[in-house]
Amino acid sequence: MVAMQVVICLSLLLVQGAVAGGGAEWTYTGQHGPRHWGSMFQTCAGNRQSPINIETLNVKQEYWTPFSLKNYEVPPSHMRVKNNGHSAQVEIDGAVAPRVSGGGLKGEYIFAQFHFHWGSDSSRGSEHTIDGVRYPMELHMVHYKGSYGTLGEAVKRRDGLAVLGVMLEVSNSDNPALTPLATALLNVTDAEMYAEISAMYPLKAFLPRNIEKFYRYEGSLTTPTCNEVVTWTVFDEAISISERQLNNFRALIDPHGGRIVDNFRPPQPLNNRKVYVSAESSADSSSIKKVGFSVSFTTSMVVLMMKMNM
């Protein structure tokens, strides 16, 4: 299982960094920044790119069954963080792999890794925006579709990946689940460094309490090669992080000696895509509809009886 997780994470780095464009270097600023990704990598110029601005007045409500999170409450046997030169990426080992299904996903998806995007200050940082509002940080939990067997095969398919996006907002106190990670970041300030995380929290600790309300759309990876293979879930509720913890992320150094900050891609055109928002679960919706039908039927019968007695 340990070997499998390592292969998954190494494969994901390959996919995001050098599947197309011959491994061309990309950055978040200058001539290799997001404005130029489309000319450097053909797939970054597609019509289903991510991130996007989610306009809450223009989303379509959908009824889905609740998410099923398998092994999300199981602490991993090992957890490590890597400064990959663009972000802080967290990898885990465990006897069983976390998996997600339900929530409108078409199949079961296996966890690969999670990573972060953040700003140079707390006025910006997230990749997705909601009604134009940008959070100071966004966490992405990357999963690949289990039926495709491997991550390498999944990235060839339109529905190959499922990414759970979690917004982070500033709190006056540290987030306990993020404290071991933030501490480990002090040991990976230079690019390509790894560090073990001392206390292993289960994946559920990095999700908001309310995972029932979320936004859904079809998009892409937000870094080159921008493969349009992602079913995106962006949760409406945020989790917390302190400025002290954020500053540990902002202290990371890229391969050229600069600080890794503002590592987010600007919102991309929605084009003809639909954005959905989850409503009550199908079970709840069904119950509500049954209650509504019962009330309507009872009212109709009362009216009919009154007419008959008149």
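Every number here is computed from the coordinates shown, using simple stated rules; none is lab data. In this text, all values refer to a predicted model and were calculated from it rather than measured experimentally. Every residue, glycine among them, receives a Cβ derived from its backbone with ideal geometry; neighbour counts consider all protein chains shown.
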DSSP loop (so not H, G, I, E, B), at most 15 other Cβ within 10 Å: list which GluC sites (Glu not before Pro) in segment 158-198 pass both filters. Glu192
Mind running the shape call on segment 224-274? Use the C-alpha gyration tensor, a ≥ b ≥ c as the square roots of the eigenvalues: rounded below 1.5 for a/c, prolate if a/b tops b/c, oblate otherwise. oblate
Gyration tensor on Cα atoms of segment 59-156, a ≥ b ≥ c root eigenvalues, a/c under 1.5 rounded, else prolate if a/b beats b/c, else oblate, says oblate
How much FRET efficiency would the formula 1/(1 + (r/R0)^6) give for Leu186 and Thr29, where r is the Cβ-Cβ distance and R0 is 25 Å, rounded to 0.05? 0.50
Cleavage-rule hits, trypsin sites (Lys or Arg not before Pro), segment 198-262, DSSP coil, Cβ neighbours within 10 Å at most 14: Arg209, Lys213
Whole-angstrom Cα spans of segment 172-255 along principal axes, big to small: 36, 32, 22
Net +/- balance of residues flanking Val74 in space, Cβ distance below 15 Å, scoring K and R +1, D and E -1: +1
Among the listed pairs Lys60/Lys82; Lys82/Lys156; Lys82/Lys274; Lys82/Lys106, which have their C-alpha atoms separated by more than 28 angstrom in this model? Lys60/Lys82; Lys82/Lys274; Lys82/Lys106
Rule-of-thumb Rg ratio for segment 53-102 [Cα; 2.2 N^0.38 Å; N residues]: 1.71
Looking at the square roots a ≥ b ≥ c of the eigenvalues of the Cα gyration tensor of segment 2-279, which shape do they give, rounded for a/c under 1.5, prolate if a/b is larger than b/c, or oblate? rounded
